[in-house]
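The values are calculated or read from the model by the stated rules, or taken from the named source; none is laboratory data. Since the model is a prediction, treat every value here as computed from it, not as a measurement. Ideal geometry is used to build each Cβ from the backbone, glycine not excepted, and the neighbour counts take in all protein chains shown.
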Amino acid sequence: MSEEKYLTKEGLEKIKKELTNLKSVKRREISDRIAEAIKLGDLSENAEYHEAKDDQGMNEARIRELEEVVKNAVVITNGKGVKRCVEVGCTLTVNLNGQAKEFTIVGPSEADPLKGFISNESPIGLAFLGKKIGDTAEVEAPAGTIKYKIVDLS
């Protein structure tokens, strides 16, 4: 069963570029490597051949994975206007222990917590979804419960 993949427009374009590169450039490079390795003779003990075949398998698996993402992509539109609650694509400002922090809720393939891009499927992302300005989202962490008070949405 296919599952929706939330992506920004930029994230989808990045995935499409990678997919195009894997299908055209990388496939050709691997095919050339296999052809060269075959010329070396005995394939049973040909490390170059086996390495190229392994690379081919990994490349094809990545192509199938990216094709599935593109097929099921739901582009996040960051529409203008007031956001009433946290949803995928929202940027929110929270108060954490007296400090303001900003997060953007994105799909898992674009998540980068160090830059503030939080997956909608992560514990913190799930805690934020559906909350409104003034609400507190609680997340269980190894050090205990962390409370984020939502102060702004856009």
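Do you know which of the residues in region 1-38 that are polar (S, T, N, Q) and within 29 Å of residue 53 (Cα to Cα) is modelled with the lowest pLDDT? Outline the logic, then answer.
Let us first name the residues in region 1-38 that are polar (S, T, N, Q), namely 2, 8, 20-21, 24, 31.
Now drop any that are not within 29 Å of residue 53 (Cα to Cα), which leaves 2, 20-21, 24, 31.
Numbers: 2: 57, 20: 96, 21: 96, 24: 95, 31: 95.
Only one residue fits best here, namely 2.
Quick check on region 36-56. Is at least one of its residues crowded, with 16+ Cβ neighbours inside 10 Å and closer than 23 Å to residue 112 by Cα?
no
Among the residues of region 50-83, what is the count of those that are modelled with pLDDT under 90 and either more than 19 Å from residue 8 (Cβ to Cβ) or not in a helix (DSSP H, G or I) (or both)?
Matching residues across region 50-83 total 12.
For region 106-118, enumerate the residues that are modelled with pLDDT of 90 or more and surrounded by 20 or more Cβ atoms within 10 Å (Cβ to Cβ).
Hit for region 106-118 is 118, nothing else.
Kindly provide the set of residues from region 136-154 that are surrounded by 15 or more Cβ atoms within 10 Å (Cβ to Cβ) and without any contact (Cβ under 8 Å) to a residue 40 or more places away in the chain, ordered by number.
The one that is surrounded by 15 or more Cβ atoms within 10 Å (Cβ to Cβ) and without any contact (Cβ under 8 Å) to a residue 40 or more places away in the chain: 139.
Would you mention how many residues in region 1-34 are of a type in the set (Gly, Ala, Ser), surrounded by 11 or more Cβ atoms within 10 Å (Cβ to Cβ) and over 22 Å from the mean Cα position of the chain (by Cα)?
From region 1-34, those of a type in the set (Gly, Ala, Ser) are 2, 11, 24, 31; that's our starting set.
Still in the list and also surrounded by 11 or more Cβ atoms within 10 Å (Cβ to Cβ): 11, 31.
Retained after the next criterion (residues that are over 22 Å from the mean Cα position of the chain (by Cα)): 31.
Here the count works out to 1.
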